[in-house]
Every structure is written in C-alpha cells, then in structure tokens.
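So the structure is just underneath, and the comments pick up after that.
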Amino acid sequence: MLKVGLTGGIASGKSVVGEMLATLGAHLIQADHIAHELMQPGQAVYDEVVQHFGKAILNPDGSVNRPKLAEAAFGQPEQGGATRVQELNQIVHPAVIRRQDEWMADMGRHDPHAIAVVEAALIIEAGAAERFDRLIVVTCSEEQRVRRYAERLKIDTERARREVQRRMAAQLPDSAKITRADYVIDNAGSLDATQAQVQRLYPTLKAEAERKL
C-alpha cells in the first residue's frame with residue numbers, strides 16, 4: 001500500500017484533486033471531515049474545544065458553530081494581534097492524525113495494493129509528513145484562492161481576501177510546501193488542465209503502490 005499525503009493552502013483545490021484521484025481508483029479520506037466528526041457532542045475533542053474556547057462557539061443545539069470557532073481561533077479578519085489557532089491545532093491535530101493512521105492501517109489490511117490518500121491542509125505544519133510515502137502539493141495563486149473562497153462561501157471579494165490572508169498566515173507558503181513535495185499539481189489553470197496532471201500522475205502512484213508489497 002502507498003500512503004499519500006495530499007496538501008495545499010486554503011482554496012488551492014486539494015479537495016478537487018483528491019476527488020479526481022478517488023475517481024481513478026485511489027482511496028481518499030479528508031482531515032476536515034475527520035475533524036468535523038471529532039467535534040460532535042460526546043467526543044473528547046468536542047469537550048476540550050468547548051472548554052478552551054467557551055460555549056459562545058456553540059449553536060443552540062449544542063453543536064459547534066464552525067464560523068464562530070474560526071473567529072475565536074483566527075480572530076476577527078479586520079483586527080490584528082495574536083490568534084489562538086495554535087491552541088486549536090494542539091487539541092485537534094493529534095486526534096485527527098491518530099484517526100488517519102487507523103484508517104490507513106485498516107486500508108492496508110483490506111487492500112495491500114491500495115493508494116491511500118489523506119487530504120489535509122496542515123500535513124507539513126502538523127509534523128505529519130513523515131507518516132506518508134509520498135507527498136502531493138496543490139498550488140494556485142492568491143487571487144485564485146480569494147475568488148474560489150468567495151464563490152464557495154458566497155461572500156464578497158474583500159471579505160474573502162481578508163479571510164484567506166488570515167488563514168494563510170497560519171500555513172506555510174506554497175514555496176516552502178513545494179520543497180517538501182514529491183509531486184506538485186498546478187491548479188492555476190482549467191479543471192481540464194488539472195485533470196490531465198492527475199491522470200499523468202496516477203499510473204506512477206499505482207506502480208509505486210505495487211512495488212510496496
């Protein structure tokens with residue numbers, strides 16, 4: 001089995017690339033989905049997050065309001081000063097990484113030829129890169145990130161720009177990520193161009209997975 005980390009900055013298109021790989025036959029898990037599950041009421045991560053950030057981050061039904069949590073962790077986009085994102089990461093990342101490792105181990109038992117792809121924004125920042133055999137970094141320009149983020153959240157461009165910039169401040173720049181990458185997918189062009197890159201890469205990953213046996 002080949003363990004592949006798929007990463008990139010906010011709104012770089014890593015989810016799109018992950019879905020393309022899954023369509024070709026790879027197995028995919030997304031760190032954001034794991035974190036969402038771990039922050040459901042009754043989970044240890046949920047309890048710790050509420051303890052650290054307070055009940056103001058909760059919806060009336062007791063679930064975590066993710067925009068409010070992001071605001072508490074990253075701070076108001078219009079304001080400067082220190083953020084609490086490291087505090088949030090220290091709570092969530094270890095649990096997410098454990099779940100990823102469990103998933104990859106289970107995948108290897110069920111399919112020794114598998115390409116197991118973990119999509120996560122902070123693989124390198126969390127010190128998790130060494131858990132993977134190969135690392136794919138997805139890149140695009142800041143302007144493309146802003147446009148895509150605005151479209152995704154249906155917000156105006158300036159608000160999207162502030163949000164992207166404050167989140168990028170908590171991530172390594174693409175230039176640093178690329179130095180750690182085994183493969184780079186340039187998502188600055190059309191979806192067809194990105195698809196073509198993924199289709200060229202997939203046979204290489206498949207061959208590497210076969211050699212891992």
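Filter region 154-184 for residues that are out of contact with any strand residue (DSSP E or B) (no Cβ under 9 Å at 6 or more places or on another chain), touching a residue at least 12 places away in the same chain (Cβ under 8 Å) and charged (D, E, K, R) and give the result.
Selection gives R159, R161, R162, E163, R166, R167.
Do the conditions hold for S190, that is, is it closer than 12 Å to G8 by Cα, out of contact with any Lys or Arg (no Cβ under 6 Å at 6 or more places or on another chain) and surrounded by fewer than 17 Cβ atoms within 10 Å (Cβ to Cβ)?
no
Condition (residue is assigned to a helix (DSSP H, G or I), farther than 21 Å from E163 by Cα, without any contact (Cβ under 8 Å) to a residue 60 or more places away in the chain and of a type outside the set (S, T, Y)) applied to region 62-85: is it met by at least one residue?
no
Would you say T23 is out of contact with any His (no Cβ under 8 Å at 6 or more places or on another chain), part of a strand (DSSP E or B) and among the polar types (S, T, N, Q)?
Judged against the criteria, T23 is not a match.
It is to be established whether one or more residues within region 160-183 are at pLDDT 95 or above and assigned to a strand (DSSP E or B).
Scanning region 160-183, I find at least one residue that is at pLDDT 95 or above and assigned to a strand (DSSP E or B), so the answer is yes.
Quick one: what pairs do we get from region 117-130, first residue over 14 Å from K14 (Cβ atoms), second β-branched (V, I, T) and outside any loop (DSSP other than H, G, I, E, B), C-beta under 7 Å, 6+ apart or different chains?
A126/I97; A128/I97
Return yes when V164 is among the hydrophobic types (A, V, I, L, M, F, W, C), in contact with a Leu (Cβ under 8 Å, 6 or more places away or on another chain) and either more than 29 Å from A196 (Cβ to Cβ) or surrounded by 14 or more Cβ atoms within 10 Å (Cβ to Cβ) (or both) and no when it is not.
Working: among the hydrophobic types (A, V, I, L, M, F, W, C): yes; in contact with a Leu (Cβ under 8 Å, 6 or more places away or on another chain): no; either more than 29 Å from A196 (Cβ to Cβ) or surrounded by 14 or more Cβ atoms within 10 Å (Cβ to Cβ) (or both): yes.
Criteria not met by V164.
Given the condition part of a helix (DSSP H, G or I), among the small types (G, A, S) and more than 19 Å from A35 (Cβ to Cβ), answer yes or no: does some residue in region 140-148 qualify?
no
Picking from R98, R109, which residue would you name as being modelled with pLDDT of 90 or more, under 18 Å from M39 (Cβ atoms) and part of a helix (DSSP H, G or I)?
Details: R109 fails: under 18 Å from M39 (Cβ atoms).
Exactly one residue qualifies, and that residue is R98.
Mind counting the residues in region 87-116 that are over 22 Å from Y46 (Cβ atoms) and either buried (at least 21 other Cβ atoms within 10 Å of the Cβ) or in contact (Cβ under 8 Å) with a residue 24 or more places away in the chain (or both)?
Within region 87-116, residues that are over 22 Å from Y46 (Cβ atoms) and either buried (at least 21 other Cβ atoms within 10 Å of the Cβ) or in contact (Cβ under 8 Å) with a residue 24 or more places away in the chain (or both) number 9.
Mind checking which residues of region 24-57 are farther than 26 Å from V117 by Cβ and among the polar types (S, T, N, Q)?
First, the residues of region 24-57 that are farther than 26 Å from V117 by Cβ: 41-42, 44, 46-57.
Result: Q51, single match.
Under the condition of being out of contact with any Gly (no Cβ under 7 Å at 6 or more places or on another chain) and surrounded by 14 or more Cβ atoms within 10 Å (Cβ to Cβ), which residue from region 167-176 is nearest to L6 (Cα to Cα)?
Taking region 167-176 as the starting set, the residues that turn out to be out of contact with any Gly (no Cβ under 7 Å at 6 or more places or on another chain) are 167, 169-170, 172-173, 175-176.
Narrowing the set further to residues that are surrounded by 14 or more Cβ atoms within 10 Å (Cβ to Cβ) leaves 167, 170, 172.
Numbers: R167: 18, A170: 18, L172: 14 Å.
Only one residue fits best here, namely L172.
Looking only at residues that are surrounded by fewer than 19 Cβ atoms within 10 Å (Cβ to Cβ) and within 21 Å of M1 (Cα to Cα) in region 117-152, which one is nearest to the chain's Cα centre (by Cα)?
A129
If a residue must be over 16 Å from R99 (Cβ atoms), surrounded by fewer than 16 Cβ atoms within 10 Å (Cβ to Cβ) and small (G, A, S), how many such residues does region 15-66 contain?
The total comes to 6.
Counting only residues that are under 14 Å from L172 (Cβ atoms), in a loop (DSSP other than H, G, I, E, B) and of a type outside the set (V, I, T), which one in region 1-20 is modelled with the lowest pLDDT?
Among those that are under 14 Å from L172 (Cβ atoms), in a loop (DSSP other than H, G, I, E, B) and of a type outside the set (V, I, T), it is G9.
Which one of these does L69 not meet: (1) at pLDDT 95 or above; (2) more than 27 Å from I178 (Cα to Cα)?
Going through (1) at pLDDT 95 or above; (2) more than 27 Å from I178 (Cα to Cα) one by one, L69 breaks only (1).
The values are calculated or read from the model by the stated rules, or taken from the named source; none is laboratory data. Worth saying up front: this structure is predicted, and the values here are computed from it rather than measured. All Cβ positions, glycine included, derive from the backbone under ideal geometry; neighbour counts span all protein chains shown.
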